[in-house]
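Coordinate-derived values only; no laboratory data. The structure presented is a predicted model; accordingly, all values stated were derived computationally and were not measured. Cβ sites come from the backbone with ideal geometry, for glycine too, and all protein chains shown count toward neighbours.
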């Protein structure tokens, strides 16, 4: 049986994130969330560029493509290789004679921060600047023509712009709390729903510096991938830190279904600061923020937590944090926590893939195990107690 497949790629020794979702719909929709493609193989072994391209489809012109590219935030480790590997500009300018054809992005997703210029307090890499330029080009086409553009020119904005620039862009804007069922302007509600959790609006207790931080502005999405009678929940968390998770618990504690998951990406490459305001290096007894932990504890039966990070050591290298890893192991169990750069072996990391089956996620190559009990019983549960 054919399933939708989610792939988590190994990342660089400075962390990163890149996830490919290939849906089992009629169009075989492909969604890439962030990119982290370095010039050298990961651990001198895994060619991430080749692994990604091996999974992509080609259009009628023989060009590799993704139906949507979702940038969660503007840090370089989530945009590495963007200019080198993706086509930017009109498709009329595509170079079909290149030794390695660039990847076409049919629909480009970003938070409203693509309008924000670089400054001394808001530095942007060359890849981030190129991304913003391309996003502006596509949004301008919509503004100019007053309609959704064709594949290769489409854009989606996530979250209302605080300065009001999304006011006239409703057709290409999703607000926080919205559910989407379209990708590349195709309705695929039978296979996918996405619920947008963040970037949450500025809170009363929040100062301007905190609100403007790139991690604070991360796009957080709960993806529901439907296979038969089962709804696979994937919570993509980007680099959202403790304040975001504490706030999301306050907003959704009366309906935790919006936070539940079969697969969770450990926020900010398994950072301690997604679970705590305290410093492990300067505080004598750093404490977990219980509300943030509750938000990240809404696991379903047999759930996995994936750390998109370098190998997790016991020394002080946060992120990733060994202490954060221990918290996540308490939530799902040791065998259900997987670090991308340790899978299947730290010296020979490979893409981590799950079939999203009618019984929940199953690692590819692993014999499917029934999750009928999870289907028959309520899918959410209370957050695990601390300790």
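Round to a whole angstrom and tell me the spacing of the C-alpha centers of the range 53-76 and the range 138-176. Here the two parts' Cα centres lie 20 Å apart. Computed from the alpha carbon positions, the gyration tensor of the range 4-376 leads to an equivalent ellipsoid with semi-axes of 29, 25, 22 Å, biggest first.
Taking every DSSP helix (H) stretch of at least 4 residues in the chain, weighting each as -39,500 (n - 2.57) and dividing the sum by the residue count yields a mean residue ellipticity at 222 nm of -5000 deg cm²/dmol. Which residue, 299, 35, 46, tops the fluctuation ranking in a GNM of the chain built on C-alpha contacts under 10 Å? Evaluated over the chain, the most mobile residue of the options is 46.
Dimensions of the range 11-125 from C-alpha coordinates, computed as largest minus smallest value along each principal axis and given longest first, are 44, 35, 31 Å.
From the alpha carbon centroid of the range 256-334 to that of the range 1-45 is 22 Å. Annotation: peptides 23-30, 196-203, ranked by per-residue average of other Cβ atoms within 10 Å with the highest first, follow the order 196-203, 23-30. Of all the options 64, 90, 349, the one that moves most in a Gaussian network model of the chain with Cα springs shorter than 10 angstrom is 90. The ellipsoid that matches the Cα gyration tensor of the range 101-174 has semi-axes, each √(5λ) in whole angstrom, of 20, 18, 9, with the longest given first. Each of 315, 59 was scored by other Cβ atoms within 10 Å of its Cβ. Arranged with the fewest first, they read 315, 59.
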